[in-house]
Amino acid sequence: MRKRTPEPTRVGAEDTSATGLMDQDSAEDADARLDPAEAEALKAAQKSRFAELDRATLQSIYRQMLLARRFEEKSAEAYSTGKIGGFCHLYIGQEAVAIGAISAIGKDDYVLTSYREHAHAIAKGMSPDSVMAELYGKAGGCSHGKGGSMHMFDKEVNFLGGHAIVGGQIPLATGVAFATKYKETDQVTLCFFGEAAVNQGAFHESLNMAQLWKLPCIYICENNQYGMGTSLERAMSLQDISQKACAYEIASEFVDGMDVLAVREATLRAVERARKNYLPTLLEVRTYRFMGHSMSDPGNYRTRAEIERHQERDPLKLYSASLKEEGVLSDSELQKIDDEVRAQVEQAVRFAEESPQPAPEELFTDIYADPIQANE
Ligand SMILES: Cc1ncc(C[n+]2csc(CCOP(=O)(O)OP(=O)(O)O)c2C)c(N)n1
Ligand SMILES: [Mg+2]
C-alpha cells in the first residue's frame, strides 16, 4: 500500500503559533477571545457553508441540536428532583460536535463514545423515549434500566455505547473499524472521546494500529478543556491535540466545535478518506461544557465569568442567528421547532414515568457469567 504524508489542516478559531503550540496564557479560553477580524472571517466561512446546504438539512441539524439541549435540560430537572439517580454527565454546550459529526454519516455507520452520550445516542437515531427511560432506570430504557446515563446502547442503529472507562471506547472503535474493513463493507466508525482520554495509552495504541492497518475510523476528540476539574494545561504537555496525529502519520484537523457546520464539513472530509481509501483521521474539536463535569460537580475549578464568556459562543445561539440572517428560518419558524421539540421531550418524560421498574429477574439477564452454574 502507498505511504501517505499527513497534511494536518487547521480550520476554526484557534490562534496557533508557528510551532503549533498554544501559549499557556491563551490556552484557557482562546475561543472566547476572538478579535473582530477573526469573528468576521468565521462568519464569512459559515456563510459559504450555508450556501452549499439545502433548507431541509439545515433545519434538521437545528432541530437535532435543540432536541439534545431540551432533552438534557429536562434530564437535569428530573435529576434534581431525584427521579434520575446515579452518575449523569450533561453535554450542554457541546451539541455542535455530536450533531455536526453524526449528520455527516449514514444509518449503517457506527458511533461509539464516552459516558457523556445522550446527544450522540439520539442523533444516531435512538428514540428519546428509550434514552429517557434508561436515565430513569426503567424497563423501557434501551438497556432495560440496568445501565443508566452512561450506558446507552442500540445495535439497531449501530450506536455501540456509552462507555464509562475513560478512553475505553477507543480500542473498541478501532476493532469495529477493523471488522468493517475485514468484511469489505464501506461503513465508517466515529469514535468520540474527551481530551483527557488522549493521555491514555489506549489512544496511542489505537491510532498507531489504525494507520498501520488503514482502518476506516474517525477519532473525534471533544476538547472541552477539562477532565473533571483538571484543566488541559495542567495535565497535558503537548496541548495541540491534532498534532499528536503526526506521531502516527494520521491526517488531522483542528475544528471550531461551536460551529456545527464546520464540524460537519471536517467530518465529511474524514468520511470520504475513510470510505474511499480506508484511512483514519483525528479531529480535534474545540468546545466547552457549560454544566459541571457531572450533576454532582460543585465546579470550584473555574469562574462563572469564564463560563459566561464561552456562552457568548453558545453553538445553538450562533447557529440560530445564522439561520435567521441567511433567511433559512424566521423567528416564528424557530419558535415552532422549539415547541415541537419541547413536546417531544415531554413525551419522553411521560414514557419514562409510566415505564415499569425492571423486574427482579432482570438481575440475571444480559450478563456474561451464568449465575446458576456459578453457584453449582
Ligand atoms: C480509566 C479511568 N480513569 C479515571 C476515570 C474517572 N474519570 C471519569 S471522567 C474523567 C475525566 C475525563 O475527561 P475527558 O476525557 O476530557 O471527558 P469529558 O468528561 O470532559 O467529556 C475521569 C478522570 C475513569 N472513568 N476511567
Ligand atoms: Mg474534557
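The values are calculated or read from the model by the stated rules, or taken from the named source; none is laboratory data. Because the structure is predicted, anything quoted here is derived from the model rather than measured. Ideal geometry is used to build each Cβ from the backbone, glycine not excepted, and the neighbour counts take in all protein chains shown.
Here are the numbers for the structure shown:
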{"quantity": "Test: residue in segment 147-159 that is within 16 Å of ligand 1 (Cβ to nearest atom), in contact with a Gly (Cβ under 8 Å, 6 or more places away or on another chain) and hydroxyl-bearing (Ser, Thr, Tyr)", "calculated": "yes"}
{"quantity": "Subset of segment 179-199 (residues that are without any contact (Cβ under 8 Å) to a residue 40 or more places away in the chain, of a type outside the set (S, T, N, Q) and either within 16 Å of ligand 2 (Cβ to nearest atom) or closer than 22 Å to Val166 by Cβ (or both))", "calculated": "Ala196"}
{"quantity": "Failed item in (1) within 16 Å of ligand 1 (Cβ to nearest atom); (2) in contact with a strand residue (DSSP E or B) (Cβ under 8 Å, 6 or more places away or on another chain), with Pro216 passing the rest", "calculated": "(1)"}
{"quantity": "Among residues of segment 85-121, those that are free of Cβ contacts under 8 Å to residues at least 12 places away in the same chain and not small (Gly, Ala, Ser), counted", "calculated": "0"}
{"quantity": "Unmet criterion (only one of (1) of a type in the set (S, T, N, Q); (2) closer than 28 Å to Gln46 by Cα; (3) within 16 Å of ligand 2 (Cβ to nearest atom)) for Gln243", "calculated": "(3)"}
{"quantity": "Whichever residue in segment 220-235 is small (Gly, Ala, Ser) and more than 8 Å from ligand 1 (Cβ to nearest atom) and, among such residues, is nearest to His89 (Cα to Cα)", "calculated": "Gly229"}
{"quantity": "Selected residue [under 21 Å from the mean Cα position of the chain (by Cα) and either surrounded by fewer than 18 Cβ atoms within 10 Å (Cβ to Cβ) or farther than 30 Å from Ser242 by Cα (or both)] from Val328, Val285, Val341, Val349", "calculated": "Val341"}
{"quantity": "Wholly within segment 34-108, helices (runs of 4 or more DSSP H) carrying at least 1 residues that are within 16 Å of ligand 1 (Cβ to nearest atom)", "calculated": "55-80, 95-102"}
{"quantity": "Residue match in segment 123-142 (condition: within 16 Å of ligand 1 (Cβ to nearest atom), at pLDDT 95 or above and out of contact with any strand residue (DSSP E or B) (no Cβ under 9 Å at 6 or more places or on another chain))", "calculated": "no"}
